[in-house]
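Values quoted throughout were computed directly from the atomic coordinates according to the rules given, and no laboratory measurement underlies them. Here the structure is a predicted model, which is why all the values come from computation and not from measurement. FYI the Cβ positions are ideal-geometry reconstructions off the backbone, even for glycines, and counts take in every protein chain you see.
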Amino acid sequence: MTWRARNGRARGRAAGGVLAPVPGDDRTGAAPDVTPRRRQSPVWFFDLDDTLHDASHAIFSVLNRRMTDYVQQHLAVDEGEADRLRQTYWRRYGATLLGLMRHHEVDPHHFLRQTHDFDIAALLRAERGLTQLFRRLPGRKVLLTNAPDAYAATVLRALSLDRHLARRYTIESMQVHGSFRPKPSTLMLRHMLARERCGRGQAVLVEDSRANLKAARSLGFRTVLITARGRAGGAARARGAYVGLQLGSVRELPRAFARLRSA
Ligand SMILES: [Mg+2]
C-alpha cells in the first residue's frame, strides 16, 4: 500500500530474527521439502497494488482520505494538520503507520482495520487474463505486499487469484524481532528468502516500486518493474541498474520470461 518503510538494515543478530507468523501458514516449522527441480524453478514474489491491479485508479485516493480522517480523529487535530502529519510520516518513515506507532502509540491493527474498511471490490480495476497468466507462469508464486491481510485477501478473491498464490506475505507478517519491517527492508527480505527456501537467483520480485526493487536486487533477487502505461512517473524515468526487466503489465511476463532468466 502506501507504506514504503526505510531500508531496514540488518543490525545485530539478524540471522536469529523471527518473522511474525503468516496467516494461514501451516508449513512453518515443517521439514524442508526442497527437491533439486524445485530449487531451480523460480519463486515469484508479487506486489499487489499497482502491480496486479490499478490501485491508483480509485483505491489509493479513498485510502489516503481514510488515513487523514483517522489521524484527525485519534490525534484530535484538524484536517490540515492530520494531512500534514500523514505526509510527514510517509516521507520520514516511508509509512504513515510507522510514524503513528512511534509517536502516538497508535494500535497498528486498529489503524489497518479502520482505514481499509470500505467496499474495496467495487473500486477495483484490473486487466483481464490474470488467472491465465498465473496458470502459464512456471514456478511458485507468493504475494508480498505492505497492505494488510484482510485487504489483500479481498483483492485476490475479487481477481480470482487467491488459489494461484501459495502464500500471502502482508504487513502483519512483516515483523522482525517484534518490529514492523515492511518493504523495502532488506532485513525482512532476507528472512523472506530463508522462509521460502530460495537459492540465489531463484527469487523474482515483480513490483511497481523502484525502492523495493533496489533493495531486493541487492540481495540477489531478479527484478521486474511494472510501469503500467499511462501512470505518472512510469516508463519515462531512467530504468536503473537494479531493474532486470521493465514491463508495462504483468501479462507480458510469460513472453519475457526467457529474457528474465539472463537478467
Ligand atoms: Mg505497489
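Remarks
- With only the Cα atoms considered, the stretch 128-185 has a convex hull volume of 92 Å³ per residue.
- The stretch 109-118 - phi-based ³J(HN,Hα) in whole Hz, Karplus 6.51/-1.76/1.60, Gly and Pro as x: 6, 5, 4, 5, 4, 5, 6, 9, 8, 8
- For the stretch 80-216, the equivalent ellipsoid derived from the alpha-carbon gyration tensor has semi-axes of 27, 20, 13 Å in decreasing order.
- For the stretch 87-132, the direction-averaged projected area of the alpha-carbon convex hull comes to 5.0 nm².
- Taking other C-beta atoms within 10 Å as the exposure proxy, Tyr169, Tyr151, Tyr70 rank Tyr70, Tyr151, Tyr169 from fewest upward.
- For the stretch 123-199 versus the stretch 63-100, the gap between their alpha-carbon centres in whole angstrom: 25
- Given charges at Cβ of Lys, Arg, Asp, Glu: the stretch 104-160 dipole, positive-most of Gln114, Thr154, Leu133: Leu133
- Contact order normalised by residue count of the stretch 65-118, Cα under 8 Å, 6+ apart, percent: 31
- Neighbour counting of Cβ atoms within 10 Å sorts the residues Phe60, Phe45, Phe180, fewest neighbours leading, into Phe60, Phe180, Phe45.
- Remark: the stretch 122-240 carries a charge dipole of roughly 420 debye about the Cα centre, counting +1 on each Lys and Arg Cβ and -1 on each Asp and Glu Cβ.
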